[in-house]
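Taking it in order: structure first as structure tokens, then the write-up.
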Amino acid sequence: GENVEQHPSTLSVQEGDSAVIKCTYSDSASNYFPWYKQELGKGPQLIIDIRSNVGEKKDQRIAVTLNKTAKHFSLHITETQPEDSAVYFCAASIRGYSTLTFGKGTMLLVSP
Amino acid sequence: ETGVTQTPRHLVMGMTNKKSLKCEQHLGHNAMYWYKQSAKKPLELMFVYSLEERVENNSVPSRFSPECPNSSHLFLHLHTLQPEDSALYLCASSQDGGVITDTQYFGPGTRLTVL
């Protein structure tokens, strides 16, 4: 089955810096890659996603890039703010019924 | 708010108890999911329902029993659990479920502790 590796497990940055979280997947047939943000006491919230026919997608301060050849995708957050502090999960989907395989998560800490 | 609610938010139970977790979605979606979130482990998909029919069951022990009476409600019935079942149980829903790129919306979860 699909396996998703996510790095780093924790990331500390200063406010205003950029943050990058990387994920690799094992199954070349995976074709949908969402990123979720989970704040304390809440469920994961979708922040951005990318389909396999697209190499990059941006939404204001966040962007995702996908390299299908290397089977990895990354989340980029620019001009980080303290409210960006949370756990971020990447995921990959291959099968029907929207089954997602998640990475272990990255705890992002943004210091003022 | 994501439109997916879960009750209770916290639950403590003994190994011999029987309890149920409830999930309700107000989004008009047709697919619902149960996930288990344990510390330092990826979210684990447990069950998927599409149009009230179970379509995925990822080798989950029989002490977890899902029920989907309609497309808006999903239950997880618990009995004779083990301490290692302590985790955050998340419910999610999506529009179709049969579409790989269907966005899943998560509820806040139920924090379960098994003593």
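The values are calculated or read from the model by the stated rules, or taken from the named source; none is laboratory data. What you see is a predicted model, and the numbers here were worked out from it, not measured in a lab. Note that each Cβ is placed from the backbone with ideal geometry, even for glycine, and that neighbours are counted across all protein chains shown.
Some observations on this one:
- Qualifying strands (runs of 3 or more DSSP E) (wholly inside the range A:19-60; at least 3 residues being under 25 Å from B:Thr2 (Cα atoms)): A:32-38, A:45-51, A:56-59
Yes/no matrix, rows are residues, columns are (1) hydrophobic (A, V, I, L, M, F, W, C); (2) free of Cβ contacts under 8 Å to residues at least 24 places away in the same chain; (3) closer than 25 Å to A:Ser52 by Cα; (4) within 11 Å of another protein chain (Cβ to nearest Cβ):
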residue	(1), (2), (3), (4)
B:Glu44	no, yes, yes, yes
B:Glu52	no, yes, no, no
B:Val55	yes, no, yes, yes
B:Ser62	no, yes, no, no
B:Leu76	yes, no, no, no
B:Thr80	no, no, no, no
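- Against the list (1) aliphatic (A, V, I, L, M); (2) within 13 Å of the chain's Cα centre (by Cα); (3) under 16 Å from A:Leu66 (Cα atoms), the condition A:Ala29 fails is (2).
- Residue list for the range A:49-65, filter: surrounded by 15 or more Cβ atoms within 10 Å (Cβ to Cβ) and either in contact with a His (Cβ under 8 Å, 6 or more places away or on another chain) or away from every other protein chain (no Cβ under 11 Å) (or both): A:Lys57, A:Ile62, A:Ala63, A:Val64, A:Thr65
- Residue list for the range A:16-38, filter: exposed (fewer than 13 other Cβ atoms within 10 Å of the Cβ) and touching a strand residue (DSSP E or B) at 6+ places or on another chain (Cβ under 7 Å): A:Ser18
- Residue list for the range B:1-34, restricted to those being under 24 Å from B:Pro83 (Cβ atoms) and assigned to a loop (DSSP other than H, G, I, E, B): B:Pro8, B:Arg9, B:Gly14, B:Met15, B:Thr16, B:Asn17
- Every residue from the range A:40-50 that is touching a Ser or Thr at 6+ places or on another chain (Cβ under 9 Å) and farther than 19 Å from B:Lys36 by Cβ: A:Leu46, A:Asp49, A:Ile50
- A:Phe89 within 14 Å of chain B (Cβ to nearest Cβ) and out of contact with any Asp or Glu (no Cβ under 9 Å at 6 or more places or on another chain): yes
- Selection within the range B:29-42 - over 11 Å from the mean Cα position of the chain (by Cα) and touching a residue at least 60 places away in the same chain (Cβ under 8 Å): B:His29, B:Asn30, B:Ala31
- Every residue from the range A:79-112 that is among the hydroxyl-bearing types (Ser, Thr, Tyr) and at pLDDT below 95: A:Ser93, A:Tyr97, A:Ser98, A:Thr99, A:Thr101
- Residue ID - modelled with the lowest pLDDT, chosen from residues in the range B:24-56 that are surrounded by 14 or more Cβ atoms within 10 Å (Cβ to Cβ) and either of a type in the set (S, T, N, Q) or touching a His at 6+ places or on another chain (Cβ under 7 Å) (or both): B:Ser50
- Residues that are under 20 Å from A:Ala29 (Cα atoms), away from every other protein chain (no Cβ under 14 Å) and either out of contact with any Cys (no Cβ under 6 Å at 6 or more places or on another chain) or buried (at least 21 other Cβ atoms within 10 Å of the Cβ) (or both) do not occur anywhere in the range A:96-106.
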